[in-house]
Every structure is written in C-alpha cells, then in structure tokens.
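The values are calculated or read from the model by the stated rules, or taken from the named source; none is laboratory data. Since the model is a prediction, treat every value here as computed from it, not as a measurement. A quick note on method: Cβ atoms are made from the backbone with ideal geometry, for glycine too, and the neighbour counts reach across all protein chains shown.
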C-alpha cells in the first residue's frame, strides 16, 4: 500500500482548489463530462448522490439534466466550503466521506468521479461499491469516472514498444483493478456502457509524445483536439485508455415463488 486514507485526506486538504492537480487534463475532463451528460440524459429523473464532489461544478452541471434533488459529498473541507457557495433549493453539499455517510434516503442515481481511486486498497474500493449498492434504489444507476490499472498497463506497453518511458500511477491514487472488481460488481449490477478513451490516449500519450520527443507535450495542442474528435466518433483502441468510465444499473431483486 503506497499511501493510507489519512495521507490521502491530508493531500486533498492541503491542495490548492485551483491547482491543476485538482482539475486534471482538460482534454480528458471534456470527454468525461460528455460521457456523464450522455448517460444522465438517458435517465433524466430521480435524486442523485455525487461522491467526491469537490467544488461542486459537476453537481451544478447535473442539475441542468436531472429533474430531482442533488447531494454532493466530499471529505475535503476546503472543497465543500467552496461548493456550499453554489447551493440552491435542489443542490446541497455535505462534508463527509462515503464510509461515514449515513442516510436513510435511497438514491436513483449515484456518481463518482475519481473518488474510488483515492482509496488505497482493492478491498477498500470494493467496500465503497458495497456501500453505494446499499444507498441505491432497486434498478438505480451507478455512473463511475475512475482510472484503470489494466488500461494504464496497456498504454505503457504501447509506449514501451516505441521507446517512451512509462506513465506512473499517481502517488495518491490506487487505480481500479478491473479483473478483481468487475466480476463482483456484475453480480449485482448490469453493465449499460463502458468507455476508456483509448483513441485520445493513443493520440495524446503515444503519437504526440513520440513526434516531439524529447520535448514535453503541451495540453493545449491541436493534435489533442484531433484526438478528441476521433474519440467522439469511434471507440477503436479503447483497451489503451486508462480512464474507466462505466454506467451500471442495479439489478432488481426478484423474489422466488414456491409452488
């Protein structure tokens, strides 16, 4: 275990909310938002819980799509302090983490954007999924935007073949091990959609860096815009993406009837 939950909390507590580390690669974020919007539009109605809501921008985005109440939770006091400035009748924020969150309410939709990967063990991540399952109504929707260990390994394997150094896993993250997590998740959820943004990763993390090596790639470069456009029209090369964007629906419990 390379970090503890306490160390992770301290990292986010000390982080400037306006830093790039918080917001991430804007090219990836644009496509994450597109995935979230598309999947929420397919649902439309219901109350939503956003786990690891940060400053609350996505909760506000969700409120324009979902016709229901929205609650964002995060264990960073600094983030929630900023988020609360945007509260409304339908959008509320609470300072807590998923393990401490206690609610009798059951939600129609739960979202998590790079929250689960801030839990330092596979077992801890599975515990979050179990907690989420308990907070969802039957047939409720779970939409995750996380990162995949297998996706990172595939991407780095491709980079190695053309002489590029591997991309390290962020020190404060524990990327999802799909081979361990997914079989257990699919016991109680149906898979609706999955995307890893492989086309964009190949363009922005393989082709572009190789073209300009040893110079450092720039986030705001036209080739990344091309990668985004290609990603919008095809899921080819998806196994080379390290994003783990997935829409799941909780299975309804069917009572057996005895004759």
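Among strands (runs of 3 or more DSSP E) lying entirely in segment 52-122, which contain 3 or more residues that are touching a helix residue (DSSP H, G or I) at 6+ places or on another chain (Cβ under 6 Å)?
In segment 52-122, the matching strands (runs of 3 or more DSSP E) lie at 70-74, 91-95.
Determine the pairs where a residue that is at positive phi, located within segment 124-144, has a partner that is assigned to a strand (DSSP E or B) and at pLDDT 95 or above with Cβ atoms under 9 Å apart, the partner being 6 or more residues away or on another chain.
From residues that are at positive phi, the pairs are 139/108; 139/249; 139/250.
Give the residue, chosen from 104, 114, 159, that is at pLDDT below 95 and out of contact with any strand residue (DSSP E or B) (no Cβ under 7 Å at 6 or more places or on another chain).
Selected residue: 104, the only one of 104, 114, 159 that is at pLDDT below 95 and out of contact with any strand residue (DSSP E or B) (no Cβ under 7 Å at 6 or more places or on another chain).
Got a sec? Which of 147, 216, 205, 196 is buried (at least 17 other Cβ atoms within 10 Å of the Cβ) and out of contact with any strand residue (DSSP E or B) (no Cβ under 8 Å at 6 or more places or on another chain)?
Exactly one of 147, 216, 205, 196 is buried (at least 17 other Cβ atoms within 10 Å of the Cβ) and out of contact with any strand residue (DSSP E or B) (no Cβ under 8 Å at 6 or more places or on another chain), namely 205.
How many residues, within segment 22-51, are under 29 Å from residue 199 (Cα atoms) and assigned to a loop (DSSP other than H, G, I, E, B)? I'd like the intermediate steps shown before the answer.
In the first step, residues of segment 22-51 are kept if they are under 29 Å from residue 199 (Cα atoms); the result is 22-44, 50-51.
Still in the running and assigned to a loop (DSSP other than H, G, I, E, B): 24-25, 42-44.
Adding up the residues that qualify gives 5.
Considering only segment 151-187, how many residues are touching a helix residue (DSSP H, G or I) at 6+ places or on another chain (Cβ under 8 Å) and touching a residue at least 12 places away in the same chain (Cβ under 8 Å)?
Step one: list which residues in segment 151-187 are touching a helix residue (DSSP H, G or I) at 6+ places or on another chain (Cβ under 8 Å), which gives 151, 154-155, 158-159, 162-167, 169, 172-181, 184-185.
After this cut, where a residue has to be touching a residue at least 12 places away in the same chain (Cβ under 8 Å) as well, the list is 151, 154-155, 158-159, 162-164, 167, 169, 172-181, 184-185.
Qualifying residue count, segment 151-187: 22.
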